[in-house]
Amino acid sequence: MTINQMNHVNLIGQMSSDPKFVELKDGKRIARFSLSTRETYLDDEGQTKSVNNWHNVTAWGKWVPVLEQLGSKGQALAIEGKLRSRFYNNKSGQKKSFTEVEINDLVIL
């Protein structure tokens, strides 16, 4: 039996860093930045609590020039995308991983 699977992320938050732009060997450009989101909930005593989360975000293609013009620390964004896990070896040869959100669509708020 085949199970349908989904990798879909929607976030609304603020850019917690200015985007960094990188040109790859093939000439493609990417933008990387951090997006902060705040989750609010009630604890067991009924007190309102909030937790901040920071998400690594990567943008390709048509979103790079948009972020060059309009993206800066503090800018509110709504993004839709998917999670990507990447792997690399650090300087001591240990395999490391990190997860980022790869943008499919974004709205400047």
Item to check | R0 of 25 Å, Cβ-Cβ distance Thr40-Leu83: FRET efficiency to nearest 0.05 | outcome: 0.65
Checklist outcome for this item: Counting lysine pairs in the chain that sit 8 or more positions apart or on different chains, with Cα atoms under 29 Å apart, gives 28
Next on the checklist: Apply the Karplus curve 6.51 cos²θ - 1.76 cosθ + 1.60, θ = phi - 60°, to the phi angles in the range 3-12 and return the couplings in whole Hz, x for Gly and Pro.
Outcome noted: 9, 5, 10, 9, 10, 9, 10, 10, 9, 10
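Excluding Ser97 itself, what net charge comes from residues whose Cβ is under 11 Å from its Cβ, given Lys and Arg +1 and Asp and Glu -1? Display every interim value, and only then the final one.
Values: positive: Arg84, Arg86, Lys95, Lys96; negative: Glu100.
Combined, the nearby Lys, Arg, Asp and Glu give +3.
Determine the dipole magnitude for the range 10-101: charges of +1 sit on the beta-carbon of Lys and Arg, -1 on that of Asp and Glu, nothing else is charged, the reference point is the Cα centre, and the result goes in debye to the nearest 20. Could the numbers behind the result be given before it?
Numbers: 15 positive and 10 negative charges, 140 e Å.
Result for the range 10-101 is approximately 680 debye, rounded to the nearest 20.
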Checklist outcome for this item: Output for the range 1-107: GluC sites (Glu not before Pro) sitting in coil per DSSP, at most 16 other Cβ within 10 Å, listed by number, reads Glu45
Checklist outcome for this item: Counting Lys and Arg as +1 and Asp and Glu as -1 over every other residue whose Cβ sits under 14 Å from the Cβ of Ser85, the net charge comes to +3
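Please report the net charge: other residues with Cβ closer than 15 Å to the Cβ of Arg29, K and R +1, D and E -1.
Working: positive: Lys20, Lys25, Lys28, Arg32, Lys62; negative: Glu23, Asp26, Glu68, Glu102.
Net of charged neighbours comes to +1.
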Item to check | Most positive-pole-ward Cα, Trp60, Ser16, Gly71, against dipole of the chain from beta carbon charges | outcome: Trp60
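What is the range 9-108 by shape, rounded, prolate or oblate, if you read a ≥ b ≥ c off the alpha carbon gyration tensor as root eigenvalues and call it rounded for a/c under 1.5, prolate for a/b larger than b/c, and oblate otherwise? Let's see the in-between values first.
On the way: a/c = 2.47, a/b = 1.37, b/c = 1.81.
In terms of gyration-tensor shape, oblate.
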Item to check | Computed over the chain: relative contact order in percent, which uses C-alpha pairs under 8 Å that are six or more apart | outcome: 29 percent
Checklist entry - Amide H to amide H under 5 Å from Ser16: which residues, 5+ apart in sequence or cross-chain, H placed 1.01 Å off N in plane? => result Ser34, Leu35, Ser36, Gly74
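Throughout, read-outs are computed from the coordinates displayed, never taken from laboratory work. This is a predicted model, so every value here is computed, not measured. Cβ sites come from the backbone with ideal geometry, for glycine too, and all protein chains shown count toward neighbours.
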